[in-house]
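Computed from the coordinates by the stated procedures, all read-outs in this text should not be read as laboratory data. This structure is a prediction, so every number in the text was calculated from the model and none was measured. Cβ atoms come from the backbone with ideal geometry, glycine included; neighbour counts cover every protein chain shown.
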Amino acid sequence: AQSVAQPEDQVNVAEGNPLTVKCTYSVSGNPYLFWYVQYPNRGLQFLLKYITGDNLVKGSYGFEAEFNKSQTSFHLKKPSALVSDSALYFCAVRDYSGGYQKVTFGTGTKLQVIP
Amino acid sequence: GAGVSQSPRYKVAKRGQDVALRCDPISGHVSLFWYQQALGQGPEFLTYFQNEAQLDKSGLPSDRFFAERPEGSVSTLKIQRTQQEDSAVYLCASSFPGFYEQYFGPGTRLTVT
């Protein structure tokens with residue numbers, strides 16, 4: 001069975017500082033990893049994904065994530081946080097062993113950027 | 001717009017009532033997913049369609065939950081004899097098949113009283 005862990009319920013960071021939101025995963029086959037963001041009263045929006053290739057993936061709004069196979073991690077990062085980045089962030093994994101289509105989401109991390 | 005739409009956005013049902021939640025995916029998206037999101041939690045997978053075929057319904061919590069996508073486009077999630085524990089936001093997402101990202105609708109917030 002596949003799973004995703006987001007160990008921090010909330011991350012606080014000062015505006016202008018770098019931010020990291022942590023994610024670790026467990027799958028039996030090759031992982032396809034995603035980050036989504038959810039603003040209040042809105043649906044989830046895609047930020048970035050790792051399928052294969054370069055371990056550093058760049059996405060929307062200046063976000064990037066680093067895939068680390070040995071540590072089974074896919075942490076979300078941004079060099080300089082903005083107040084508007086404050087939202088709920090979800091990591092998700094899609095396991096393609098045997099063509100399985102299920103996507104498993106983490107429990108989410110609330111990012112609070114302090115002005 | 002060209003995004004995923006869901007209706008109704010809010011639904012209040014009395015315990016025991018049947019409800020139907022609608023999802024209009026992005027045109028051309030073969031894959032369609034339903035999720036249940038409880039307050040403060042991540043989306044929990046319910047079921048997956050590829051075109052009109054329901055390929056995975058392992059996440060449906062009971063036989064009171066039923067989903068269909070008869071023409072491979074619009075999908076309906078039906079909940080029979082609603083219970084209080086069914087109160088949640090129900091999210092629909094669509095995508096191309098394979099490792100493509102999903103596009104989510106705004107969700108339907110179901111409250112069972």
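General remarks:
- Loop-located GluC sites (Glu not before Pro) in segment B:57-97, at most 11 other Cβ atoms within 10 Å (DSSP): B:E71
- Cross-link partners of B:K78 among lysines (Cα-Cα below 24 Å; sequence separation of 8 or more within a chain): A:K102, B:K11, B:K14, B:K57
- Cα lying deepest toward the dipole's positive end in the protein assembly as shown, options A:I51, A:Q112, B:V30, charges on Cβ: A:Q112
- Neighbouring partner chain Cβ atoms per residue of B:40-47, average, 10 Å criterion: 5
- Evaluated on chain A, the Kirkwood hydrodynamic radius is 14.2 Å, with distances taken between all distinct Cα atoms.
- Reachable lysines from A:K78, criterion Cα separation under 19 angstrom, eight or more residues apart if same chain: A:K22, A:K49, A:K58, A:K110
- Loop-exposed trypsin sites (Lys or Arg not before Pro) per DSSP, neighbour cap 13 Cβ within 10 angstrom, longest uninterrupted part of chain B: B:16-80
- Global size of the protein assembly as shown as Cα Rg and Dmax, reported in angstrom: 17.6, 52
- Separation of the A:Q112 and B:F66 label points, Cα + 7 Å toward Cβ, nm: 4.6
- For the peptide A:44-51, the mean number of other protein chain Cβ atoms found within 10 angstrom of a residue's Cβ is 4.
- Taking Cβ atoms as reference points and 12 Å as the exclusive limit, the residues near B:D63 contribute a net charge of +4, counting Lys and Arg as +1 and Asp and Glu as -1.
- Unit charges on C-beta of K, R, D, E only; dipole of the protein assembly as shown, Debye: 380
- Computed about the Cα centre, the dipole magnitude for chain B is approximately 460 debye when only Lys and Arg (+1) and Asp and Glu (-1) carry charge, each at its Cβ.
- Restricting segment A:42-87 to trypsin sites (Lys or Arg not before Pro) in coil, as DSSP defines it, with at most 13 other Cβ within 10 Å: A:R42, A:K69
- Here the simple spin-label model places points 7 Å from the Cα toward Cβ, and for B:Q17 and B:Q50 these points are separated by 3.8 nm.
- Start at zero, step by 5 Å, and the Cα-Cα distances of segment B:22-74 spread as 5, 21, 28, 24, 15, 7, 1 percent across the bins.
- Expressed per residue, the C-alpha convex hull volume of chain B stands at 96 Å³.
- The separation of segment A:41-115 from segment B:43-98, counted between C-alpha centres, amounts to 24 Å.
- Checking every one of the chymotrypsin sites (Phe, Trp or Tyr not before Pro) in segment A:43-115 against DSSP loop status and a limit of 16 other Cβ atoms within 10 Å picks out A:Y96, A:Y100.
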